[in-house]
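The values are calculated or read from the model by the stated rules, or taken from the named source; none is laboratory data. Predicted, not measured: the structure shown is a model, and the values here were computed from it. Glycine also receives a Cβ, built like all others from the backbone with ideal geometry; neighbour counts cover every protein chain displayed.
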């Protein structure tokens with residue numbers, strides 16, 4: 001007698017079906033084959049499940065890449081013109097500016113000074129020699145991701161835009177930030193990155 005357990009059940013059913021066919025008690029071999037296929041567990045199921053899991057992971061990675069590519073302009077819009085601020089400027093001590101190739105100027109001021117964290121931070125952007133439909137300031141940690149922080153400034157007079165935000169606290173203490181002024185107007189986007197340090 002053959003002991004039937006979870007481990008030897010497929011082998012046991014194989015032997016029983018083979019005995020039935022050899023004895024002639026099951027004349028329809030096609031039906032017997034169908035029964036064997038239905039009753040016996042597929043030995044390739046683990047491989048099929050593994051393949052499906054790997055395929056799903058690859059598909060998920062592809063989708064993440066596509067979504068990231070589509071959303072990247074929202075995280076940091078592509079600029080038609082990128083400018084560098086004047087060398088040696090320190091936003092913790094004074095306002096900083098950048099010159100346009102055509103003679104215009106962009107000036108950024110942050111207050112109070114020294115620049116605080118976890119407290120209201122006022123910012124002012126002054127424009128000379130260019131018109132703007134929209135002005136934003138994107139704050140990002142230089143060496144650490146500190147989350148999305150891009151306030152839209154409101155018009156506060158001719159060529160003047162103002163707004164308020166709050167910088168989060170960095171657990172490592174004092175850190176370097178980049179405040180990128182984004183200006184849209186005249187069918188172009190201008191970006192000016194200003195760097196400063198904040199925290200204790």
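Data table
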| read-out | value |
| --- | --- |
| Count of residues meeting criterion [more than 13 Å from residue 161 (Cα to Cα) and loosely packed, with under 12 Cβ neighbours inside 10 Å] in segment 113-137 | 3 |
| Test set (1) modelled with pLDDT of 75 or more; (2) outside any strand (DSSP E or B); (3) over 20 Å from the mean Cα position of the chain (by Cα) - residue 31 fails condition number | (1) |
| Residue check, residue 176 farther than 21 Å from residue 81 by Cβ, assigned to a strand (DSSP E or B) and under 27 Å from the mean Cα position of the chain (by Cα) | yes |
| Failed item in (1) in contact with a strand residue (DSSP E or B) (Cβ under 8 Å, 6 or more places away or on another chain); (2) farther than 20 Å from residue 79 by Cα; (3) not in a strand (DSSP E or B), with residue 149 passing the rest | (2) |
| In segment 152-173, the residues that are surrounded by fewer than 20 Cβ atoms within 10 Å (Cβ to Cβ) and outside any strand (DSSP E or B) | 156, 157, 158, 159, 168, 169, 170, 171, 172, 173 |
